[in-house]
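Student: Quick one: this structure, given as structure tokens, is what I'll be asking you about.
The values are calculated or read from the model by the stated rules, or taken from the named source; none is laboratory data. Computed from a predicted model, the values in this text were never measured in an experiment. Glycine also receives a Cβ, built like all others from the backbone with ideal geometry; neighbour counts cover every protein chain displayed.
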Amino acid sequence: MTLAQTDSSISEATDVPVRASRKPVVPWFLIAPALVIVLVFFGLPTLQMARMSFNLHVDQRLYVPGFTFEHYRTLFTNPLFSKAIWTTVQLALVASFFSVAIGYTFAILAWLKPARWRLLFVGLALCPLLISEIAIIFGWWMFFPKNGLLSQALLSAGLITDKFSLMYTEFAAFVGLVYVTLPYAFFILLSVLDGIDEQILESSADLGAPPLVTFREVLFPLTRTGLLVAFSQSFIWAMGTYATPSALGPDTLWTMGFLIQEQMLGKHNWPLASAFSMLLVIGVAAAMLLTRSLMSKRSAFHV
């Protein structure tokens, strides 16, 4: 080996550790601006809210600097608050289940249909995202009342003999939550289905498997992680939605979002409102961690 070859091999050997050490730095450098935005506009306010939840509430003052666990104890010992927590969780779970079920059905249809039908499904799913939540609520106010579109349509079709109203019922709040969370479930599941080769279904049919068997043995296992992610995202959105259940549901339907607003603006109890908010943040974080733990490494990377 010549002297030049020896120097070249030595330089290449020394360059390998340098390039390897630079690789982990590049991703962090690229996401640094986003991390700064998250820390400044979300991290710091969350820390301030956590500190506020331990302050004192004396007389009618918004808060008094101090440190107490009384507000967190009140959340679980006061029957009104504990019932609101359970109502929020229960309503979010049911709404998330139906959002995933409906979104899964429409995602499969959009995946299997030709391009023009797929564009129609995607356009319909985008509609709730292009309209503000207040406008959506006004739309349901025209649909659910006694003289609304639903009652008039059923009466004209001869399916009912008298007008009825679904406004200010738990069913109306449930439908509103499903309408808000459905697009997120649809697009998550559609993205998962797009990563599956449709020839797998054809191969299953060629081997003699009926459609239901193909769905149970082939399609469902491949989309199981997507269903889990879609459910968790729908649950997170349903837990944090405040205006829809408050505007469409009855006065007795007290959710965590309603109580946060009531304690913050009505009772002027900022520490208790912050404790409610921190409980909501912890619940959302727990749902995300649970979803992550149930996902396998291979499927988690795909999603």
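Student: Within region 71-84, is there a residue that is under 23 Å from the mean Cα position of the chain (by Cα) and closer than 19 Å to Trp237 by Cα?
Tutor: yes
Student: While we're on this one: Out of the residues in region 126-168 that are charged (D, E, K, R) and in contact with a helix residue (DSSP H, G or I) (Cβ under 6 Å, 6 or more places away or on another chain), state the one that is nearest to Tyr242 (Cα to Cα).
Tutor: Glu133
Student: Restricting to region 44-64, name every residue that is out of contact with any Phe, Trp or Tyr (no Cβ under 8 Å at 6 or more places or on another chain) and among the hydrophobic types (A, V, I, L, M, F, W, C).
Tutor: Answer for region 44-64, where residues must be out of contact with any Phe, Trp or Tyr (no Cβ under 8 Å at 6 or more places or on another chain) and among the hydrophobic types (A, V, I, L, M, F, W, C): Leu44, Leu47, Met49, Ala50, Val58, Val64.
Student: Based on what the data block shows, is Ser82 part of a helix (DSSP H, G or I), in contact with a helix residue (DSSP H, G or I) (Cβ under 9 Å, 6 or more places away or on another chain) and free of Cβ contacts under 8 Å to residues at least 60 places away in the same chain?
Tutor: yes
Yes/no matrix, rows are residues, columns are (1) more than 30 Å from Leu129 (Cβ to Cβ); (2) assigned by TED's automatic domain parsing to the domain that holds Phe106; (3) surrounded by 16 or more Cβ atoms within 10 Å (Cβ to Cβ):
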site	(1), (2), (3)
Phe187	no, yes, yes
Leu201	no, yes, yes
Pro211	yes, yes, no
Arg216	yes, yes, no
Arg224	no, yes, no
Val229	no, yes, yes
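Student: Right, next: Are any of the residues in region 86-109 at negative phi, modelled with pLDDT under 90 and either out of contact with any Pro (no Cβ under 8 Å at 6 or more places or on another chain) or outside the structural domain of Ser246 (by TED's automatic domain parsing) (or both)?
Tutor: There is no residue in region 86-109 that is at negative phi, modelled with pLDDT under 90 and either out of contact with any Pro (no Cβ under 8 Å at 6 or more places or on another chain) or outside the structural domain of Ser246 (by TED's automatic domain parsing) (or both).
Student: Restricting to region 277-294, give me the number of residues that are of a type outside the set (Lys, Arg) and without any contact (Cβ under 8 Å) to a residue 40 or more places away in the chain.
Tutor: Residues that pass the stated criteria total 5.
Student: Also: For the list (1) within 29 Å of Phe138 (Cβ to Cβ); (2) of a type in the set (A, V, I, L, M, F, W, C); (3) modelled with pLDDT of 90 or more, I need the number of the one condition that Ala243 fails.
Tutor: Here Ala243 meets the rest and fails (3).
Student: Looking at the structure I just gave you, is Leu248 crowded, with 19+ Cβ neighbours inside 10 Å, in contact (Cβ under 8 Å) with a residue 24 or more places away in the chain, within 30 Å of Phe69 (Cα to Cα) and in the same structural domain as Val192 (by TED's automatic domain parsing)?
Tutor: No, not satisfied.
Student: From the list Ala153, Ala135, Ala172, which one is assigned by TED's automatic domain parsing to the domain that holds Gln199, surrounded by 14 or more Cβ atoms within 10 Å (Cβ to Cβ) and not in a loop (DSSP other than H, G, I, E, B)?
Tutor: Ala172
Student: Which one of Thr181, Thr169 is at pLDDT 90 or above and within 18 Å of Ile236 (Cβ to Cβ)?
Tutor: On inspection, the qualifying residue turns out to be Thr181.
Student: Of all residues being in contact with a helix residue (DSSP H, G or I) (Cβ under 7 Å, 6 or more places away or on another chain) and of a type in the set (A, V, I, L, M) in region 109-125, which is surrounded by the fewest Cβ atoms within 10 Å (Cβ to Cβ)? Just the residue, please.
Tutor: Leu109
Student: Does region 115-132 contain at least one residue that is assigned by TED's automatic domain parsing to the domain that holds Leu289 and outside any helix (DSSP H, G or I)?
Tutor: Checked region 115-132: at least one residue is assigned by TED's automatic domain parsing to the domain that holds Leu289 and outside any helix (DSSP H, G or I).
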